[in-house]
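Quick notes on the structure that follows.
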Amino acid sequence: MEFLDFGTIFFLVAAVVIFYQLRSVLGRRTGRERPPFDARTGKRENSDTPGDENVVTLPRRRGATGEDKAAFYEAIDAIAKPGSKANAGLRAIKDADANFEPKSFLDGAAMAYEMIVMSFADGDRKTLRNLLSREVYEGFDAAITEREKRGDKVQSSFVGIDKSEIISAELKGTEAHVTVRIISEMISATIDKSGAVIDGDPETVAEGTDVWTFARDLRARDPNWKLVATEEE
């Protein structure tokens, strides 16, 4: 049941909250313009602290032992090399939350990436607020506000994600942090109020690599992961 983790409940809960807001956006599949962390747009801010959450203590299953141990960590070993820091971090998260499955997490992270990028391009603050930590949201909101003041518009199309992979993971107390590298293709052009293209190309597919970190307090009532930091490679 990952996503009670990012795979299942993320989409069940998020779909109810944002379906109507994203309905027209999904029809257009827009979202190429990078969030404020994109060096190419010059709007880049950093944050790594998620918003406050109401928490409750949930029962947890600790790491398996003996013959069950290999099976317990099998999915993690398939994603991250055994003995690596990423593997150790994922195992620690799995020990604290037996429902955690890295493959489902990656699927959810890829979907969240597209939703966030599209929502930023469209200036959809309501959707972003549900998917970002408080500090990261403030950075996105500031960039959208500045864009609106200039009168700039974004013409964009999300082509797809070529690859996503977990590159690091860590359990900080009760808070799980998982960092994902995402390689995507998009078409985008930023148009100023005079109609001139000031950034990007409306006819060219551009590839970009982003490193995003998602976090969730494993004791929190809210099962959703939120974006807490992002950068571009």
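The values are calculated or read from the model by the stated rules, or taken from the named source; none is laboratory data. As the structure is a computational prediction, the values presented were derived from the model and not from experiment. Ideal geometry is used to build each Cβ from the backbone, glycine not excepted, and the neighbour counts take in all protein chains shown.
Please go through the stretch 46-73 and give me each residue that is exposed (fewer than 13 other Cβ atoms within 10 Å of the Cβ) and either at pLDDT 95 or above or of a type in the set (Ser, Thr, Tyr) (or both), ordered by number.
Those that are exposed (fewer than 13 other Cβ atoms within 10 Å of the Cβ) and either at pLDDT 95 or above or of a type in the set (Ser, Thr, Tyr) (or both): Thr57, Thr65.
Could you look through the stretch 192-216, keep only residues that are over 14 Å from Ser157 (Cβ atoms) and of a type in the set (Val, Ile, Thr), and pick out the one that is nearest to the chain's Cα centre (by Cα)?
Thr213
Can you tell me which condition Ala110 does not meet? The list is (1) of a type in the set (Gly, Ala, Ser); (2) at pLDDT below 95; (3) farther than 19 Å from Leu171 by Cα; (4) surrounded by fewer than 20 Cβ atoms within 10 Å (Cβ to Cβ), and all the others hold.
(2)
Would you confirm whether any residue within the stretch 142-149 is hydrophobic (A, V, I, L, M, F, W, C), farther than 30 Å from Ala196 by Cα and crowded, with 17+ Cβ neighbours inside 10 Å? First the steps, then the outcome.
From the stretch 142-149, those hydrophobic (A, V, I, L, M, F, W, C) are 142-144; that's our starting set.
Within this subset, residues satisfying the condition of being farther than 30 Å from Ala196 by Cα are none.
No: zero hits.
Exactly one condition in (1) at pLDDT below 95; (2) within 15 Å of the chain's Cα centre (by Cα); (3) surrounded by fewer than 23 Cβ atoms within 10 Å (Cβ to Cβ) is not met by Lys153; state its number.
(2)
For the stretch 76-93, give me each residue that is free of Cβ contacts under 8 Å to residues at least 60 places away in the same chain, crowded, with 17+ Cβ neighbours inside 10 Å and hydrophobic (A, V, I, L, M, F, W, C).
Result: Ile76, single match.
Table: residues versus (1) closer than 30 Å to Ala75 by Cβ; (2) acidic (Asp, Glu).
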{"residue": "Ala110", "(1), (2)": "yes, no"}
{"residue": "Val117", "(1), (2)": "yes, no"}
{"residue": "Glu135", "(1), (2)": "no, yes"}
{"residue": "Ile191", "(1), (2)": "no, no"}
{"residue": "Val205", "(1), (2)": "no, no"}
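Take Ser119 and decide whether it is surrounded by 22 or more Cβ atoms within 10 Å (Cβ to Cβ) and assigned to a helix (DSSP H, G or I).
On the way: surrounded by 22 or more Cβ atoms within 10 Å (Cβ to Cβ): yes; assigned to a helix (DSSP H, G or I): yes.
The answer is yes for Ser119.
Taking interchain pairs and intrachain pairs at least six residues apart, which have beta carbon atoms under 9 angstrom, with the first residue in the stretch 188-208 and farther than 20 Å from Ser119 by Cα and the second of a type in the set (Lys, Arg)?
Listed by first residue and then by second, the contacts come to Lys193/Arg150; Lys193/Lys153.
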